[in-house]
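The values are calculated or read from the model by the stated rules, or taken from the named source; none is laboratory data. As the structure is a computational prediction, the values presented were derived from the model and not from experiment. Positions of Cβ are backbone-derived with ideal geometry, glycine not excepted, and every protein chain shown enters the neighbour counts.
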């Protein structure tokens, strides 16, 4: 997935605001979903993956007009869950600007509850996961917030 930072995405510090990183990662999820057959018709008839947890790390700034791209890795998939890891990079120098790790649950349109993903979609996601599995997991994968816990 590729894009460019729109002027209205810039915060008071002159770089892309936090929420737009989530938008870029969401756009990458949408692209992956379309690739495996989750299109508008599927979403109306069957359901969609909903984000239930996410962890973003910010590594470099993106300015207005700057081009970027997102590399998406399928880390895990089962009947109801999809775990993705995204690298968001500046196009001009390929610098890693942010990472995003997301856990998604497949939710059925009729029930509004977690439901198994159809086998045809799961198999395609598993193929993508398997094709990407030769590379080691990103160092950030599974990382918690970097501060120690605050006692209650």
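Quick one: would you say residue 143 is closer than 22 Å to residue 16 by Cβ, without any contact (Cβ under 8 Å) to a residue 40 or more places away in the chain and not in a strand (DSSP E or B)? Before you say what the answer is, go through the steps one by one.
Values: closer than 22 Å to residue 16 by Cβ: yes; without any contact (Cβ under 8 Å) to a residue 40 or more places away in the chain: no; not in a strand (DSSP E or B): yes.
So residue 143 does not fit the description; no.
When the residues of the range 116-143 are narrowed to those that are modelled with pLDDT of 95 or more and touching a strand residue (DSSP E or B) at 6+ places or on another chain (Cβ under 8 Å), which ends up surrounded by the most Cβ atoms within 10 Å (Cβ to Cβ)?
Here is the first cut: in the range 116-143, the residues modelled with pLDDT of 95 or more are 116-132.
From what's left, touching a strand residue (DSSP E or B) at 6+ places or on another chain (Cβ under 8 Å): 116-117, 122, 125-126, 128-129, 132.
Working: 116: 13, 117: 25, 122: 18, 125: 22, 126: 15, 128: 16, 129: 17, 132: 15.
Taking the candidates together, the pick is 117.
Kindly indicate whether any position in the range 22-39 is assigned to a strand (DSSP E or B), surrounded by fewer than 16 Cβ atoms within 10 Å (Cβ to Cβ) and in contact (Cβ under 8 Å) with a residue 12 or more places away in the chain. Give the derivation first.
In the first step, residues of the range 22-39 are kept if they are assigned to a strand (DSSP E or B); the result is none.
Within the range 22-39, none of the residues are assigned to a strand (DSSP E or B), surrounded by fewer than 16 Cβ atoms within 10 Å (Cβ to Cβ) and in contact (Cβ under 8 Å) with a residue 12 or more places away in the chain.
Quick check on this structure: which one of 64, 60 is surrounded by fewer than 16 Cβ atoms within 10 Å (Cβ to Cβ), in a loop (DSSP other than H, G, I, E, B) and in contact with a helix residue (DSSP H, G or I) (Cβ under 6 Å, 6 or more places away or on another chain)? Even if it seems obvious, please write down each step before you answer.
Working: 60 fails: in contact with a helix residue (DSSP H, G or I) (Cβ under 6 Å, 6 or more places away or on another chain).
Only one candidate passes the filter, namely 64.
Within the range 93-115, work out how many residues are in contact with a strand residue (DSSP E or B) (Cβ under 7 Å, 6 or more places away or on another chain), under 24 Å from residue 60 (Cα atoms) and either without any contact (Cβ under 8 Å) to a residue 24 or more places away in the chain or not in a strand (DSSP E or B) (or both). Walk me through how you get there before you give the answer.
Taking the range 93-115 and keeping what is in contact with a strand residue (DSSP E or B) (Cβ under 7 Å, 6 or more places away or on another chain), we get 95-109, 113-115.
Checking which are under 24 Å from residue 60 (Cα atoms) leaves us with 95-103.
Retained after the next criterion (residues that are either without any contact (Cβ under 8 Å) to a residue 24 or more places away in the chain or not in a strand (DSSP E or B) (or both)): 95.
Qualifying residue count, the range 93-115: 1.
If we scan the range 12-21, do we find a residue that is free of Cβ contacts under 8 Å to residues at least 40 places away in the same chain, in contact with a helix residue (DSSP H, G or I) (Cβ under 7 Å, 6 or more places away or on another chain) and surrounded by 13 or more Cβ atoms within 10 Å (Cβ to Cβ)?
The answer is yes, given that some residue of the range 12-21 is free of Cβ contacts under 8 Å to residues at least 40 places away in the same chain, in contact with a helix residue (DSSP H, G or I) (Cβ under 7 Å, 6 or more places away or on another chain) and surrounded by 13 or more Cβ atoms within 10 Å (Cβ to Cβ).
Could you tell me which residue of the range 67-81 is surrounded by the most Cβ atoms within 10 Å (Cβ to Cβ), considering only residues that are under 19 Å from residue 139 (Cα atoms) and in contact (Cβ under 8 Å) with a residue 40 or more places away in the chain?
The qualifying residue surrounded by the most Cβ atoms within 10 Å (Cβ to Cβ) is 70.
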